[in-house]
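Visitor: Take a look at the following structure, please.
The values are calculated or read from the model by the stated rules, or taken from the named source; none is laboratory data. Note that the structure is predicted; figures quoted are calculated from it, not measured. Note that we place each Cβ from the backbone using ideal geometry, even for glycine, and neighbour counts take in every protein chain shown. Keep in mind that these areas ignore ligands, DNA and RNA; they rest on the heavy atoms of the full protein, side chains included. Shrake-Rupley method; radii C 1.70, N 1.55, O 1.52, S 1.80 Å.
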Amino acid sequence: MLVPVVQALARSGKIMYLLIFIIIGFVIYKWVTSDKNTTSTEYNTNLIQQQIKNVGKLIVTEGHYAQVMTYKDQQKYLMNLLTFEKKALIVINADVTVAYDLRQVKYDIDEKNKTITIVSIPKEEIKISPDIQFYDVDQSRMNPFTGDDYNKISKKVKEDLARKMETSTLKSNAKNRLISELSKILILTNSLGWKLQYENQVLENEQQLGEQVKL
């Protein structure tokens, strides 16, 4: 229908009207398409922000450790002629947690380039809560158990548990849970045609995300 109208205008010599008609049509087209693009970008941005908000939670991985140790201490006097010893059998049951507070994840949204950049990821929070029980306590009046002994034992227990945790699967399991949560953002950005970036690296899949996120 548009072509006959244009031809009729041309035959009547009304070129000015033709030009005005073309300009108005072009302006309307740009206005309509621009509005749609803006609306689409805002919709996608809101979706991504909502997903990041959903991911922003505290994830906690728990472990339990048990061990038995013997504590001994000697006090010697008169050039080691007199020795006063104290000792105890100690049973430790400890709960250990590794937590990531994803509410502290910082990110930047670049709507123009359709890119989400993860600026920073919080370090894990490790909590060791030992329950220490003393058995077969043997002490003397010259060398009794004191608060200093209990502090030394508690410190050693926590150090031993920290070393055990490093060689266990607790930290790796915690990181796997972290990657699983962050991958939800990756899946959404990919589905919308956006990019997810971390430390100047565009992330394409969950495996790459796990390799790039070094904590």
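Visitor: Give me the net charge of Pro122's neighbourhood, meaning all other residues with Cβ under 11 Å from the Cβ of Pro122; Lys, Arg count +1, Asp, Glu -1.
Guide: Counting the neighbours of Pro122, the net charge comes to 0.
Visitor: Karplus couplings for the stretch 57-73 from phi (6.51 cos²θ - 1.76 cosθ + 1.60, θ = phi - 60°), rounded to Hz, Gly and Pro as x?
Guide: Along the stretch 57-73, the couplings run 8, 8, 10, 10, 10, 10, x, 10, 10, 9, 7, 10, 9, 10, 10, 9, 8 Hz.
Visitor: Between Asp138 and Ala162, what is the label-point separation in nm under the 7 Å Cα-to-beta-carbon projection?
Guide: With each label placed 7 Å out from Cα toward Cβ, I get 3.2 nm.
Visitor: Right, another one. I need the shape label for the stretch 163-215. Rule: rounded when a/c is under 1.5, else prolate if a/b > b/c, else oblate, with a, b, c from the alpha carbon gyration tensor. Don't skip to the end; give the middle numbers.
Guide: Working: a/c = 4.10, a/b = 2.30, b/c = 1.78.
Note, shape of the stretch 163-215 comes out prolate.
Visitor: Over 28 Å between Cα atoms, which of Lys158/Lys214; Lys123/Lys158; Lys57/Lys114; Lys53/Lys155; Lys106/Lys156; Lys164/Lys195 qualify?
Guide: Going by Cα-Cα distance, Lys53/Lys155; Lys106/Lys156; Lys164/Lys195 fall outside the 28 Å limit.
Visitor: Taking 0.36 nm per residue of separation and subtracting the Cα-Cα distance, what length does fully extending Gln208 through Lys127 add?
Guide: My answer for the length gained is 26.3 nm.
Visitor: Sort 81-91, 182-192 by the packing proxy (mean of other Cβ within 10 Å over each peptide's residues), most packed first.
Guide: Most protected by this proxy first, the peptides run 182-192, 81-91.
Visitor: Another question about this same structure. I'd like the accessible area for Glu125: 1.4 Å probe, protein heavy atoms, all chains in place, Å² to the nearest 10.
Guide: My reading of the accessible area for Glu125 is about 90 Å².
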